[in-house]
Amino acid sequence: MARLKTAIDSAFWDLNLASPQCHDGWVKSVPGDPFPVEASVASKVLRPQQFSFLQNELPFPIVAPFLSPTSPKDLGSFGLQALLLKLSSSRWWLTMTGQFRPRKLIVGVKNEISKAEDFDLSTVKDVAKHFVDKALFSLGLTFQYAFSPSTSVLFGIEGHGEKAKLRRKVMVYHKLPDHDLTLEAAWPQLFLDHKGKYWDVPESLSVDLSSLLSESGIRWRVGLHKNGGNPQQVNATDGKPPLSLLPGLSLKSAVSYEKIYYFWRDKGTVEQGNEDVVPYDVRLNEPHSAVFGVTGGTFTFNGSSFSGSTSTEDLGVSTSKGFQFFGDVFGSVGYSFQRGKFTKKYGDLTRVDARLDISSASASAKKILNGSRADVGEQLPASPRLNLIFQQQVAGPVVFRADSRIAVENGLAVEDLICSLSYSLKSFESGKVLAWYSPKRKEGMVELRMYEF
């Protein structure tokens, strides 16, 4: 089933979205934005660990391609990322990853050779200068230390040759009985909004306590977040920042209730030792027809200039400084159907998931009561969204998947689309190498995902 907890996670500042913009393979979602498409939610496996796991399975070094537009257009969008260094012990590990963008190098070398009358020593020197251009390269260091099986700390730093500033982050994880405690600080922190725009927040600090899903279907979480400095748009300058990214302090709590009802479900059994009936992915091994839903509420206290829901141009919210307290309601309802058990080589997996999301009931009600409407073709963040997921087995462990988000307020409009191909790895029980592309963001990457929908 699609992640039902995305509904509650989207209200906070620590929901990770997959992106090649950073070495660790993810950026943060803007709280209060429409729920992201499922394929955009980042892998649970840290990017350096993805390389490590895959290199243990394959006899050759892994070089992962990616697409990611940059401000210097001459660098191009295409790049390569690889694991350059790995050190580890029973309690800690250290990795270094590197990225390389070849377009500027290829164009520069080609121009030097084409304009040279004679290929002499001076030409060789001019060509060599292009190979040491720091704008072509970026490096990332990640270090994690486990104080105990339940407590660990992670440090990350990365530098991009075309940018003067480094990215730094510290994360502390602590596992409690039925709860997770997380502390995260980053300077700057990179956020991605629902329009596909990136925002750099100079300082970001979060403390979050979240419960695991109870048998009754209830989960809750509470978080304290502080932004420092004015957010800056990345690779563009034509937009107002979301209010939830403006400087200030926010205390937020949320509770949700989720339920799944199966019309029919074929759990089946796996015959031990019979490879013909072992699924390529155990998470896709149950044909079913089901409806599901999640509803919940958020309660926010702001000692800042930002609001918890949407941007100023959407609701006309005042940005005057002061203390604010408000609540809101969110919810999703959907249907899921799967045919096939994903054990055969052909035609054994077809799956469709449809989910209607309302990220802010108060904002939707306010627009209805006030009679406010978006311009033709424009969709407001608080408008209902329809998320559609289609998966089809191509051959063996290869699956095609399309995730789309459709705004339904002012006519139907496809707001986001991510297409992907995955190769399931039986040795991981539920693991796959996923290659995805987002036409809206003009981004794509190859990554490892484990025990994920």
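The values are calculated or read from the model by the stated rules, or taken from the named source; none is laboratory data. What you see is a predicted model, and the numbers here were worked out from it, not measured in a lab. Using ideal geometry, Cβ is built from the backbone for each residue, glycine included, and neighbour counts are taken over all protein chains shown. For the accessible areas, the whole protein counts, side chains as well, though only heavy atoms, and no ligand, DNA or RNA atoms are used. Shrake-Rupley method; radii C 1.70, N 1.55, O 1.52, S 1.80 Å.
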Close pairs from the range 34-62: first in contact (Cβ under 8 Å) with a residue 40 or more places away in the chain and over 18 Å from S88 (Cα atoms), partner among the β-branched types (V, I, T) and part of a helix (DSSP H, G or I), Cβ under 6 Å, at least 6 apart = F35/T6
Just give me the residues in the range 98-128 being in contact (Cβ under 8 Å) with a residue 12 or more places away in the chain, part of a helix (DSSP H, G or I) and not small (G, A, S), in sequence order.
-> R103, K104, L105, V107, V109, E112, I113, D126, V127
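Among the strands (runs of 3 or more DSSP E) confined wholly to the range 197-245, which include 1 or more residues that are in contact with a helix residue (DSSP H, G or I) (Cβ under 7 Å, 6 or more places away or on another chain), open to solvent by 20 Å² or more (accessible area, probe 1.4 Å) and of a type outside the set (D, E)?
218-228
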In the range 63-84, which residues are free of Cβ contacts under 8 Å to residues at least 12 places away in the same chain and more than 25 Å from the chain's Cα centre (by Cα)?
-> none
Meets criteria (without any contact (Cβ under 8 Å) to a residue 24 or more places away in the chain, surrounded by fewer than 19 Cβ atoms within 10 Å (Cβ to Cβ) and more than 30 Å from S71 (Cα to Cα)) for E286 | no
Scope the range 164-182; condition in a strand (DSSP E or B), of a type in the set (A, V, I, L, M) and farther than 25 Å from S148 by Cβ; matching residues = L166
Kindly provide the set of residues from the range 55-87 that are open to solvent by 40 Å² or more (accessible area, probe 1.4 Å), in a helix (DSSP H, G or I) and either under 16 Å from V433 (Cβ atoms) or of a type in the set (A, V, I, L, M, F, W, C) (or both), ordered by number.
-> Q55, N56, E57
Selected residue (criterion: most open to solvent (accessible area, probe 1.4 Å)) from residues of the range 129-148 that are touching a residue at least 24 places away in the same chain (Cβ under 8 Å) and outside any strand (DSSP E or B) = K134
Subset tally (residues that are closer than 23 Å to A135 by Cβ and open to solvent by less than 50 Å² (accessible area, probe 1.4 Å)) for the range 170-188 | 1
Listed residues V394, V399; which is farther than 22 Å from V291 by Cβ, at pLDDT 95 or above and touching a Ser or Thr at 6+ places or on another chain (Cβ under 6 Å)?
-> V399
Can G108 be described as at positive phi, buried (at least 18 other Cβ atoms within 10 Å of the Cβ) and modelled with pLDDT under 90?
-> no
Take the range 398-431 and flag every residue that is over 21 Å from I358 (Cα atoms), open to solvent by 20 Å² or more (accessible area, probe 1.4 Å) and not in a strand (DSSP E or B).
-> K426, S427, F428, E429
